[in-house]
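Visitor: Quick one: the structure is below, questions incoming.
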Amino acid sequence: MSVPHAPGFLLMRRAGGVWGIANGAVEGLARDGAGYRVTAGGQALAADEILGVVADLRIYPVAPALRRFWSEEPAGVAVHAGVPLVVVDPRRLPAVLLCEIPRCEIPRCAAGEAGAGEDEP
Amino acid sequence: MSEPFVESFNHARAGLLILGGIAVSGLLLLLGAQAQGGPVWMFNAFLLVAIGVIALYVKVVYRTQQSLRVEVEGTERRREEVEISLVRALDRLRAGDLVNCSGMAGALPGRLSLGLTNATNALDVLAQQIQGSSIEVASAAGSVNEIASELASGSSEQAASVVEITAAMEELARTASQIAGNASSQADLAQAAEESGTTGQAAVEEAVDGVEEVKKRISGIASRAEILGNRSKEIYRVLDLITEIAQETHILSLNAAIEAAAAGDHGRRFSVVAEEVRRLAQRSQESVESVRNLLDEFAGSIRTTVVATEEGSKEAGRVLERARAAASAIEDLRGASSDTARVAREISLATQQQNAASDEVVLTLKEVSQVVQRMADGLKHFTETADRLNRLGLVIQMLAQSFHLESPHSLKHTAEQWAANVRRRLGNWEAIERLLEELVHRQGFVECLYFYDGRRGQTALVVNRQVVGDREVPGAVRTGEGFAERPWYKAAVKEGKTILTPLFNSLLTGQPIFTAATPVYSGGELEGVLGLDVNVDSWTKI
Amino acid sequence: MGEPLKETRTRREGTHLLVRAGEYTCGLPLAAVRRVVRALTVHPLPGAAGELEGLAEFGGEPLPVLNLARLVNASPGANPSYPVTVVVRVGPADGREMLGLAADAALEVVHVPPDSIVAGEGGFLQGEAPLGGEVVRILNLEALGS
């Protein structure tokens, strides 16, 4: 699978959440069994589904209340097609996206346990 | 002496007398002639010639006659001896003692001996054949007797069976009459049941119509109840919508209050309106809840009604089903009653015919019974005839046994041989007993074998357990008490040879037996008598 | 339930929106309340604490939604008939942020006299106040933004 070089963000689904990563940060994308392996920042990310690429996103900063209850440090949050998503920082990738974490140890949301009313982008 | 010889001798003597008379007459004539003067020499010559003729006659004829007479007398004596021997031999022959008769024939002259021996041998062969045949005749007669008895018994049983069958057929005929009567009654009952079934079927059909009408009405109620239920659902949906609107209104009023509060004094009036709207929404919600509760009750009633109508419909269905089943059953019953009536009439008719046929069978059976009775009578007669035949066979056998033959079938011969064996053991009583023990088991027809020593009054007696079984031998028999006075003993002693007694019943077995008794001599002196009690049944089965 | 809203400014200071969170009735300062809406669809964030239900979309923007019942340590309500999300603004004046509070129901706007509030343990729970025969937990939403 070719690496998206266009500007914008690669959207993917993982552990029931929607995640976005800047296309420029994506180094590689390959099938990995039933899912995908995305290489970014020298690290391998796991994705259950690749939702597509969007040219532009309005990224909001992460509110203190959010940081208070979530230890990850994403680049921001955004909304695409009515669905909120987390834009990750390639330098500080959330643990849930890393391939090294087995699916069974994914915290809070099991694989495929998507949030209620989740919409496709 | 033979008559011809005597006559010849008399003729010779008469001739001599005639010659003497002629000589005397001639002499007298010569003396007369001499007296009258005739020549002396003539006289002397005549005398000499006469004497010479007489002497010659005596020499030639008379002497011959005399020697012939002596010879004839010797011959006569020998003839008498032969006659005596012949008479004795014939006497033995008359007594049936062909063995001794044959021995005596040796004393007779050649051809007579040969002829008698040949005749005795031929008679011996014939007697042996008769003995053998008599045994077979007796055996066959016994078999015929048994068969006749079995036939008679079977015939009697057959007659009894025919009588039983006749009685059974009569009973069957009576039963058939009863069945015919019962079948007729049953036919009447079945017809009545058929009529009742027709009435009942009409009643059940009315009931079915009624139940169907009830079911239709219940179904109508159920339909209406269902419509009401559907309407209730629509009302619920409307209530849900009203609730939704009330909730939205409630939220809207809250947001209005929020906005009013944010507007400060400017929003004061608006906050009042918002509060009123909120209250209105709350009341709407409360009203909706009231309506919902009422509707719940209503819906519950409808559900109850629906359930009741469903149950009623089901019950009506079941009643209808049962009523239809009852109608069907009544129809079947009516059909069955009709069939039963028809079958009962057929049974009645058939049993009447059967009754008539049974009567005919009874008549036929009575004829058969008479025939069987006649046959039984005939068989009874046949049995008696067979019994007579059996006895005749026995008599023939007894008569045949009167011959003393040199044959294993000759009882006298056997008795003589056994007596000879006893004679050789005289003086050794134990040997005699062992001999009797051995002999009695050699011939299965001998029931009891005994030797009575008349001089010592001692008895050796052995019974054949194969014939006698475990029966106890009476003490008097075992000791030979009174044996010397028994007919068989006396007859044997009197005859001096083997005799056979007439038939009598055995003391041991009660079966017909006869005794063959043989006197035993030693040095011409009577030592005792050997007796064989011969079981007739066993004997004829040899 | 509560005392009807008065239009005076001082009274506005004590105005609260009553919401239901589990077995508790909570009073949210009305000044912080931006909007009450039907419960928004929330997308969970893996690895987040239990108080943070996830992200929702409100007005085209991402909105973090907190579970009010978890915040006040209430037992979760069983199938609330009309759950709502209360959109509030929290934080200092120079950096106020929008937050969603998921509640079992929004009840009404009432005035709670400040002097009737019995101070609580501080922080998010400002205190408790009796209202209409019931104890209302007054919340300090500013604490969420700090």
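Visitor: Using DSSP H assignments, which helices in chain B have an axial alpha-carbon span of 18 Å or above and a mean Kyte-Doolittle hydropathy of 0.0 or higher?
Guide: Span-like helices in chain B: B:3-35, B:40-57, B:110-262.
Visitor: Which whole-number percentage describes the relative contact order of chain B, with Cα contacts under 8 Å and a sequence gap of 6 or more?
Guide: Working: 593 pairs, mean separation 93.8, N = 542.
Averaging sequence separation for qualifying contacts and normalising by length gives 17 percent for chain B.
Visitor: For the stretch B:3-94, calculate the relative contact order in percent as a whole number, restricting contacts to Cα pairs under 8 Å that are 6 or more residues apart.
Guide: Details: 30 pairs, mean separation 31.7, N = 92.
Contact order relative to length: 34 percent.
Visitor: Relative contact order of chain C, please, whole-number percent, based on alpha carbon pairs below 8 angstrom and at least 6 residues apart.
Guide: Across chain C, relative contact order equals 30 percent.
Visitor: Å³ per residue of the Cα convex hull, for the stretch A:23-71?
Guide: 124 Å³
Visitor: Let me ask something else. Given a Förster radius of 51 Å and the C-beta distance between B:Val307 and C:Ala31 as r, what FRET efficiency does 1/(1 + (r/R0)^6) yield to the nearest 0.05?
Guide: 0.35
Visitor: Find the accessible area per residue for the protein assembly as shown; the probe is 1.4 Å, ligands and nucleic acids are left out, and the unit is Å².
Guide: The answer is 53 Å² per residue.
Visitor: A further question on this structure: Are there any residues in the stretch A:56-75 with a reduction of at least 50 Å² in accessible surface when going from the isolated chain to the assembly of protein chains? Probe 1.4 Å, please list them by number.
Guide: A:Tyr60, A:Ala65, A:Leu66, A:Arg68, A:Phe69, A:Trp70
Visitor: Restricting to chain C, compute how many DSSP beta bridges are antiparallel as a %, nearest 5.
Guide: Roughly 90 percent of the beta bridges in chain C run antiparallel, per DSSP.
Visitor: Mind giving me the FRET efficiency for B:Arg424 and B:Glu495? R0 is 22 Å, r the Cβ-Cβ distance, nearest 0.05 is fine.
Guide: Computed FRET efficiency for B:Arg424 and B:Glu495 comes out at 0.50.
Visitor: So what are the radius of gyration and Dmax for the Cα set of the stretch B:36-156, in Å?
Guide: Reported Rg and Dmax, both Å: 34.1, 123.
Visitor: If I model a spin label at B:Ser290 and B:Val82 as a point 7 Å from the Cα along the Cα→Cβ vector, what separation in nanometres do I get?
Guide: 17.8 nm
Visitor: Show me, for the stretch A:68-80, the HN-Hα J-couplings you get by feeding each phi into the Karplus relation (A = 6.51, B = -1.76, C = 1.60, θ = phi - 60°), rounded to Hz, glycine and proline as x.
Guide: In residue order, the calculated couplings are 4, 9, 9, 7, 5, 10, x, 6, x, 10, 8, 10, 10 Hz.
Visitor: Across chain B, how many lysine pairs separated by 8 or more positions, or lying on different chains, have Cα atoms within less than 21 Å?
Guide: 7
Visitor: Please list, short to long, the whole-number percent of alpha-carbon pairs of the stretch A:9-105 in consecutive 10 angstrom bins beginning at zero.
Guide: With 10 Å bins starting at 0, P(r) equals 16, 53, 29, 2.
Visitor: Please compute the average number of Cβ atoms from other chains found within 10 Å of each residue's Cβ in peptide C:96-102.
Guide: What the average comes to for C:96-102 is 2.
Visitor: Follow-up question, since we're still on this one. Based on Cα coordinates alone, diagonalise the gyration tensor for the stretch C:9-145, multiply each eigenvalue by 5, take square roots, and list the semi-axes in whole Å, largest first.
Guide: Taking √(5λ) for each eigenvalue gives 23, 17, 14 Å, largest first.
Visitor: Given a Förster radius of 35 Å and the C-beta distance between B:Asp209 and B:Arg231 as r, what FRET efficiency does 1/(1 + (r/R0)^6) yield to the nearest 0.05?
Guide: On the way: r = 33 Å, r/R0 = 0.94.
Efficiency at R0 = 35 Å is approximately 0.60.
Visitor: May I pose another question? Determine the share of the protein assembly as shown's accessible area contributed by carbon and sulfur atoms, expressed in whole percent, with a 1.4 angstrom probe.
Guide: Whole-percent figure for carbon plus sulfur exposure: 55.
Visitor: Each label point is 7 Å from the Cα along the Cα-to-Cβ direction; what then is the distance between the points at B:Glu73 and B:Glu150, in nm?
Guide: The answer from the label model is 7.7 nm.
Visitor: Using the basic label-point model (7 angstrom from Cα toward the beta carbon), what is the B:Gln373 to B:Val473 distance in nanometres?
Guide: Computed distance between label sites B:Gln373 and B:Val473 equals 5.3 nm.
Visitor: Continuing with the same structure: Using the alpha carbon gyration tensor of the protein assembly as shown, what are the three equivalent-ellipsoid semi-axes (square root of 5 times each eigenvalue), largest first, in whole Å?
Guide: 171, 45, 27
Visitor: Let me ask something additional. Sorted from largest down, give the three principal axis spans of the alpha carbons of the stretch B:159-375, whole angstrom values.
Guide: 150, 33, 15
The values are calculated or read from the model by the stated rules, or taken from the named source; none is laboratory data. No experiment lies behind these values; they were computed from the predicted model shown. Glycine gets a Cβ as well: all are built from the backbone with ideal geometry, and neighbour counts include every protein chain shown. Side chains are part of the model used for accessible areas, which takes the heavy atoms of the whole protein and leaves out ligands, DNA and RNA. Shrake-Rupley method; radii C 1.70, N 1.55, O 1.52, S 1.80 Å.
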